[in-house]
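Here the structure is laid out as structure tokens; the discussion comes afterwards.
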Amino acid sequence: MPRSFGDVAYTPHHSRRSEVVVSGGPPPPSSHSRNGDSFFGNAFSSASGAVLGFFASFLGSRGLGGSGEVACCAMSSSSNTGAAAAGGGCDTGCESNLESGGSIIYVGSEQGDWVTETTYRFVGEGQGDLMFVSPVQRNWIPCLLAFLGLLLLSTVLVIWSPQSTTTTFAPGHLGTCLFWGDPHLQTFDGARPSFYGDGEYWIVKNPSVKIQGRYMGTKWTLGLAATSKVAVSGPFIDNHLIEVEPMEKDFGGAILLDGVEVLNKFGTLKFSGARITYDDQGELVDEATSKWKKNIVHMDLPKGISMTVFRWDNYLDLKITMPPMETDGSCGNFNGDASDDTVEAIFDRVGARVDKEDLLFSRGASISMSSQAEDMLRKYCVGDKLQNATNECLKEIPATARTTEEVSACTFDHCFGMNAHALQIAKQFATEKERENLGIE
């Protein structure tokens, strides 16, 4: 409600002049003011108009009138009629733009100064009450902590999840697996495990291609195993069985096809898409054997597989070349990753020894441990290391075919299988005669 002293309001208009409207109260001082001085009244009117114009322009420039330019309705400095006319003509326009700004209120002569007040306009029933709403302050810390938690969880899952490495090889790629000595190996992926315990092992295990090796100790290796026989079979050669043994009769001394001796002299044999050539030609796997007479078996087999077996008096060296395929065994899993071709990893995947029902060899062999191997176990594989190795072997060798000797030989593999110089350790336990025979000083 307007006060009895009268209210003065400012409003933006299309004119840049500062003008004042008086509404609901007495007119501003004029020639009929209480002091009767027309000059003073006119001066007061002009001055107040200038002041109000300044405030209106100032407030309008700050956006208080709803637009960037402020102009108020004209107040005539010469007569009350002009002021009244101006007020009547512009009152509505001024009020329409006060919703987003403030108004300057005339509170009466000699009763105070000009002040700014905020006004509100009723916009209709059902629109709700006017209230001031503070801007929402978002706290991003919980979101950040949740994000970091998810990131940590995903990292842990990636680390703990079993990883399987698969390499896409170039067309025509061939992998090579090498055996030499007692027996040292290089897998298709380049790893270097060694298998020193007696027994029959998978070399290449594939649904169609089956290659097994028998590793046995010799007096020249102080009981540490060397490759003493290999067997090849499977659907890829119509399940025929090829066996190759060392030259000495005590170690077999023959080349066999389906259990029958063949190629007792140099020559060639063909069957089921395979060709076997026996001669003295070929690049050696181990240069240390160059001083001995060569007796080399070359197998050209289906599926792009070739195999070269070097027959020495009491053991074999071996070279297998083939394209990438699903496989596992002593030659590894051929996945392009050498790190998973350790003795332990291979045993976990295919077992420490060949199951009896899967055995290819036509002739059996007895398993034993040399005194040097037993001494090595007692001195260098003790406590938790020995217990863990034994427990693994009990899981990896089927109970129906398990013997004490096989478990001991398997334990030896776990304890020394990644040591390429186990023979040097075994020499510490050689007898005087053994040292003399081996030329050990």
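The values are calculated or read from the model by the stated rules, or taken from the named source; none is laboratory data. Remember, predicted model here, so these are calculated numbers, not experimental data. So basically every Cβ, Gly included, is an ideal-geometry build from the backbone, and we count neighbours across all protein chains shown. Side chains included, ligands, DNA and RNA excluded: accessible areas come from the protein's heavy atoms. Shrake-Rupley method; radii C 1.70, N 1.55, O 1.52, S 1.80 Å.
Using a 10 Å cut-off on Cβ atoms, rank the peptides 339-352, 264-277, 368-381, 420-433 from the highest mean neighbour count down.
Numbers: 339-352: 19.4, 264-277: 13.2, 368-381: 17.7, 420-433: 15.0.
The densest-packed peptide leads the list: 339-352, 368-381, 420-433, 264-277.
Taking all protein chains as present, what is the carbon and sulfur share of the accessible area of the stretch 177-279, in % to the nearest whole number, probe 1.4 Å?
Roughly 50 percent of what the probe reaches on the stretch 177-279 is carbon or sulfur.
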message = Once each part is reduced to its C-alpha centroid, what is the distance from the stretch 254-311 to the stretch 173-208 in angstrom?
response = 18 Å
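Could you sort out which of LYS210/LYS270; LYS291/LYS319; LYS249/LYS291; LYS270/LYS291; LYS205/LYS395 sit more than 27 Å apart by Cα distance in this structure?
Details: LYS210/LYS270 19 Å; LYS291/LYS319 19 Å; LYS249/LYS291 21 Å; LYS270/LYS291 31 Å; LYS205/LYS395 19 Å.
Beyond 27 Å between Cα atoms: LYS270/LYS291.
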ask   = Using bins 5 angstrom wide from zero, how does P(r) for the stretch 309-441 break down, in % of all Cα pairs?
value = 2, 8, 14, 17, 21, 17, 12, 6, 2, 0
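How much net charge surrounds TYR315 when only other residues with a Cβ under 14 Å from its Cβ are counted (Lys, Arg +1; Asp, Glu -1)? Numbers along the way, then the final one.
Numbers: positive: ARG214, LYS219, LYS229, ARG311; negative: ASP182, ASP198, GLU245, GLU248, ASP250, ASP286, ASP313, ASP317.
It works out to a net charge of -4.
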